[in-house]
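The values are calculated or read from the model by the stated rules, or taken from the named source; none is laboratory data. This structure is a prediction, so every number in the text was calculated from the model and none was measured. Here Cβ is always computed from backbone atoms with ideal geometry, including for glycine, and neighbour counts include all displayed protein chains. For the accessible areas, the whole protein counts, side chains as well, though only heavy atoms, and no ligand, DNA or RNA atoms are used. Shrake-Rupley method; radii C 1.70, N 1.55, O 1.52, S 1.80 Å.
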Amino acid sequence: MLPCASCLPGSLLLWALLLLLLGSASPQDSEEPDSYTECTDGYEWDPDSQHCRDIDECRYRYCQHRCVNLPGSFRCQCEPGFQLGPNNRSCVDVNECDMGAPCEQRCFNSYGTFLCRCHQGYELHRDGFSCSDIDECSYSSYLCQYRCVNEPGRFSCHCPQGYQLLATRLCQDIDECESGAHQCSEAQTCVNFHGGYRCVDTNRCVEPYIQVSENRCLCPASNPLCREQPSSIVHRYMTITSERSVPADVFQIQATSVYPGAYNAFQIRAGNSQGDFYIRQINNVSAMLVLARPVTGPREYVLDLEMVTMNSLMSYRASSVLRLTVFVGAYTF
């Protein structure tokens, strides 16, 4: 209980009033800590330890890819194939092709990485960067008709001597006689065959035969030596390829003259000792020379194809020969 103001002396009364005024104020009940230290950026106050502690900014997902927390700060990192953008938080694709990617031939940039590719005729090596030549010739024997030559990044077809490349893979015989690329003299005739040519004498008639026209020799009836010989020999030439499928019709024989009541028979008179050919008579005036079995060149046949003309009513018998030279090329084309 406060003292009575009238009972106190004047000086004491003044002290009593002063104490009364001071006592009316409440004691300090602030919730602030007894001591406080201000924390710098990247830190926060820890009331338990009464110290500033690091803020783990990574828990707030500031970074697009990876976040590394640092004392008082953090740093963003990107996955391989990316780099930090201008804001140092997002990641942008790196164009490795413009930055010296180790591709040997072609580089294609993609999101976060790159791909190496090779030019046509090459294949990507197992390392994913270098390119190896493809040996196209080893994949198939049908790429070229004759010979396949592998080259860096490609292949080319080659033909044997006497042939030229047709389109990209086929071989075509060079007709030296037609192109003038032969060395036959004026007294000779150029005969072309698969892969080459032959110079033959324009006059191939041998006694007792005499030349009566180009390629035709006649044995005069007035010459006693001609009695047992064919009345005429006509020279012809042809060419076939090796390993031709059989049986194959290769040459047709045709009578140039037909006599009433006469019968013509055709046969191989000479040059067929191994039986590679035979004659198939078509009718009274024509027959077909047939290849009986495959033959391999280079090879040359000289076949005497004889036409025997008979007339039983007149007891007439005569013969003429077509001397056919058959050149067999060295190849199947």
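Below is a table of values for the structure above.
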{"read-out": "Filter result (part of a loop (DSSP other than H, G, I, E, B), touching a residue at least 40 places away in the same chain (Cβ under 8 Å) and open to solvent by 90 Å² or more (accessible area, probe 1.4 Å)) within the range 219-244", "value": "243"}
{"read-out": "Residue identified as out of contact with any helix residue (DSSP H, G or I) (no Cβ under 9 Å at 6 or more places or on another chain), within 30 Å of residue 165 (Cα to Cα) and of a type in the set (Ser, Thr, Tyr) among 245, 231", "value": "245"}
{"read-out": "Cβ-Cβ under 8 Å pairs, at least 6 apart or on other chains, the range 60-82 side assigned by the TED database to the domain that holds residue 113, far side of a type in the set (A, V, I, L, M) and surrounded by fewer than 14 Cβ atoms within 10 Å (Cβ to Cβ)", "value": "none"}
{"read-out": "Residue under evaluation residue 329, criteria (1) open to solvent by 20 Å² or more (accessible area, probe 1.4 Å); (2) at pLDDT 95 or above; (3) touching a His at 6+ places or on another chain (Cβ under 6 Å); (4) not hydrophobic (A, V, I, L, M, F, W, C), criterion not met", "value": "(1)"}
{"read-out": "Selection from the range 86-96 of residues that are assigned to a loop (DSSP other than H, G, I, E, B) and under 18 Å from residue 58 (Cβ atoms)", "value": "87, 88, 89, 90"}
{"read-out": "Residues satisfying the stated conditions in the range 200-218, i.e. open to solvent by 30 Å² or more (accessible area, probe 1.4 Å) and either charged (D, E, K, R) or over 16 Å from residue 302 (Cβ atoms) (or both)", "value": "201, 202, 203, 204, 207, 210, 211, 212, 213, 214, 216, 218"}
{"read-out": "Selected residue [surrounded by fewer than 15 Cβ atoms within 10 Å (Cβ to Cβ) and assigned to a strand (DSSP E or B)] from 323, 280, 293, 269", "value": "280"}
{"read-out": "Any hit, the range 198-213, residues being small (Gly, Ala, Ser) and in a loop (DSSP other than H, G, I, E, B)", "value": "no"}
{"read-out": "Within the range 245-266, considering residues that are in contact (Cβ under 8 Å) with a residue 40 or more places away in the chain, in a strand (DSSP E or B) and not aromatic (Phe, Trp, Tyr), the one most open to solvent (accessible area, probe 1.4 Å)", "value": "249"}
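Residue-wise test of (1) open to solvent by 60 Å² or more (accessible area, probe 1.4 Å); (2) aliphatic (A, V, I, L, M).
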residue: 76; (1), (2): no, no
residue: 80; (1), (2): yes, no
residue: 85; (1), (2): no, no
residue: 91; (1), (2): no, no
residue: 99; (1), (2): yes, yes
residue: 104; (1), (2): yes, no
residue: 107; (1), (2): no, no
residue: 116; (1), (2): no, no
